[in-house]
Amino acid sequence: LSGPEPRPAEHAVLTAETRRTLRAAVRRLPGRCPALLAAMLSRSDLTYREIAHQLGMSQGSLGPVRSRCLACLRRMLMAEVAAPEPWGKER
């Protein structure tokens, strides 16, 4: 979509709303996904070794599990974007 660039205040509000939506979606993921993605996105910039130890997983399984979690998150968000809101209102 193209259109006029949002003003700084609008951009800040949209960015904050996008982050809230993303964090809420990550929390709804199944299994170890919320903890794994939170660790990978941590400001602490943890290594794979540190994340594996923290989550009690093998270091070699982090990449495949991360890929499955991101695919699940992508499907969840695509379904939410495509689904109309209650009472027939489009998002």
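Data for the structure
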{"read-out": "Accessible-area order (highest first, 1.4 angstrom probe) of the listed residues ARG66, ARG43, ARG28, ARG7", "value": "ARG43, ARG7, ARG28, ARG66"}
{"read-out": "Per the chain, cysteines lacking a partner by the 4.7 Å Cβ criterion", "value": "CYS72"}
{"read-out": "Accessible surface, 1.4 Å probe, highest first, among residues THR18, THR47", "value": "THR18, THR47"}
{"read-out": "Debye equation applied to the C-alpha atoms of the chain, log10 I(q)/I(0) at 0.11, 0.20, 0.24, 0.25 Å⁻¹", "value": "-0.45, -1.02, -1.21, -1.25"}
{"read-out": "Added length on full extension, which subtracts the Cα-Cα distance from 0.36 nm per residue, ALA82 to ARG19", "value": "20.8 nm"}
{"read-out": "Carbon plus sulfur fraction of accessible area for the chain, probe 1.4 Å, in percent", "value": "59"}
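The values are calculated or read from the model by the stated rules, or taken from the named source; none is laboratory data. From a predicted model like this one, the values you see are computed outputs, not experimental measurements. Cβ sites come from the backbone with ideal geometry, for glycine too, and all protein chains shown count toward neighbours. Side chains are part of the model used for accessible areas, which takes the heavy atoms of the whole protein and leaves out ligands, DNA and RNA. Shrake-Rupley method; radii C 1.70, N 1.55, O 1.52, S 1.80 Å.
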